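Enquirer: Okay, here's the structure, questions in a sec.
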Amino acid sequence: MRIDVLTIFPDFFTSPLRTSLLGRAIALERVHINIHDLRTWTHDTHRTVDAPPYGGGAGMLMRPEPFFEAADELWPAQRPRTLVMTPRGRPFDQAFAEELVQEPHLAFLCGRYEGIDERVHLHLATEEVAVGNAVLGGGEVAAALMIEAITRLIPGVMGNEHSGIEESFSDGLVEHPQYTRPATYRGWSVPSVLTSGDHGAIAAWRYRQAVARTRLVRPDLLRRDND
């Protein structure tokens with residue numbers, strides 16, 4: 001997989017790209033991630049990427065030219081699936097990550113200030129994506145979150161391939177409680193079913209716990225299944 005990121009803060013990605021599974025994916029060449037400084041495609045002394053919005057309003061908007069000129073240079077033949085980070089976009093979830101990991105080439109457009117000129121949304125981005133019901137200072141955090149969620153699903157990245165299956169949201173539920181050694185700690189003991197060796201009983205317990213926890217902390221997931 002190839003991933004391109006357009007941003008005015010390329011240094012933001014230095015640490016995430018070297019850390020944990022994402023660093024492993026890059027080292028194993030399962031994914032090639034290219035961070036591009038949008039200011040490369042500016043043409044004035046101050047390397048300006050923003051301007052006031054037409055019609056007035058607070059803040060500044062990112063201009064369209066650097067995004068389109070970057071796309072023309074980076075992807076002259078075929079545009080990748082191009083995602084722009086915005087609170088109004090399609091909610092990002094595990095199913096979306098599993099969809100995107102099938103793509104050979106992704107691009108992330110990271111806005112700042114009050115956002116990006118609408119023409120980038122309409123004529124360059126493939127789709128708009130939101131990572132939650134909150135406004136961030138820019139698209140870099142959202143892009144990094146999505147890249148980590150996607151790349152960990154690439155075959156060979158996780159040490160245990162079952163880890164991507166037996167986790168929260170893979171079956172529409174949050175994950176069941178998990179325990180490890182010691183069996184008793186400060187008077188708190190691991191549920192006896194988990195040490196019973198009865199795999200059928202363990203699977204049933206885990207499912208009941210996942211349903212109960214989902215009902216408690218994410219009832220919206222259960223409602224979605226019933227729609």
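Enquirer: Say we look at segment 30-42 and pick out the residues that are touching a Leu at 6+ places or on another chain (Cβ under 9 Å) and not in a helix (DSSP H, G or I); which of these is least open to solvent (accessible area, probe 1.4 Å)?
Expert: Here the answer is V31.
Enquirer: Look at G137 and say whether it is on the phi > 0 side of the Ramachandran plot, open to solvent by less than 80 Å² (accessible area, probe 1.4 Å), of a type outside the set (D, E) and part of a loop (DSSP other than H, G, I, E, B).
Expert: In short, no.
Enquirer: Related question: May I ask you to say which residue of T180, T214 is part of a helix (DSSP H, G or I), within 32 Å of the chain's Cα centre (by Cα) and not hydrophobic (A, V, I, L, M, F, W, C)? Full working, then the answer.
Expert: Numbers: T180 fails: part of a helix (DSSP H, G or I).
The unique qualifying residue is T214.
Enquirer: Of the residues in segment 20-29, how many are under 19 Å from the mean Cα position of the chain (by Cα), closer than 23 Å to L83 by Cα and either surrounded by fewer than 12 Cβ atoms within 10 Å (Cβ to Cβ) or touching a residue at least 60 places away in the same chain (Cβ under 8 Å) (or both)?
Expert: Total meeting the criteria: 3.
Enquirer: Same structure, new question: When you scan segment 86-106, do you find a residue that is aliphatic (A, V, I, L, M), open to solvent by less than 10 Å² (accessible area, probe 1.4 Å), in contact with a His (Cβ under 9 Å, 6 or more places away or on another chain) and at pLDDT 95 or above, even just one?
Expert: First, pick out the residues of segment 86-106 that are aliphatic (A, V, I, L, M): 95, 97, 100-101, 106.
If we keep only those that are open to solvent by less than 10 Å² (accessible area, probe 1.4 Å) as well, we get 97, 100, 106.
With in contact with a His (Cβ under 9 Å, 6 or more places away or on another chain) added as a condition, the list becomes none.
Among the residues of segment 86-106, not one is aliphatic (A, V, I, L, M), open to solvent by less than 10 Å² (accessible area, probe 1.4 Å), in contact with a His (Cβ under 9 Å, 6 or more places away or on another chain) and at pLDDT 95 or above, which makes the answer no.
Enquirer: Looking for something under 15 Å from the mean Cα position of the chain (by Cα) and over 23 Å from T82 (Cβ atoms) - is there at least one such residue anywhere in segment 38-46?
Expert: No: zero hits.
Enquirer: Return a yes/no flag: does segment 43-66 have any residue that is open to solvent by less than 20 Å² (accessible area, probe 1.4 Å), modelled with pLDDT of 95 or more, hydrophobic (A, V, I, L, M, F, W, C) and assigned to a helix (DSSP H, G or I).
Expert: No, there is no match, as no residue in segment 43-66 is open to solvent by less than 20 Å² (accessible area, probe 1.4 Å), modelled with pLDDT of 95 or more, hydrophobic (A, V, I, L, M, F, W, C) and assigned to a helix (DSSP H, G or I).
Enquirer: Are any of the residues in segment 63-82 within 16 Å of the chain's Cα centre (by Cα) and in contact (Cβ under 8 Å) with a residue 40 or more places away in the chain?
Expert: Yes, segment 63-82 contains a residue that is within 16 Å of the chain's Cα centre (by Cα) and in contact (Cβ under 8 Å) with a residue 40 or more places away in the chain.
The values are calculated or read from the model by the stated rules, or taken from the named source; none is laboratory data. Source: prediction; values computed, not measured. Heads up, the Cβs are rebuilt from the backbone with ideal geometry, glycines too, and the neighbour counts pull from every protein chain shown. Surface areas here come from the heavy atoms of the whole protein model, side chains and all, with no ligands, DNA or RNA. Shrake-Rupley method; radii C 1.70, N 1.55, O 1.52, S 1.80 Å.
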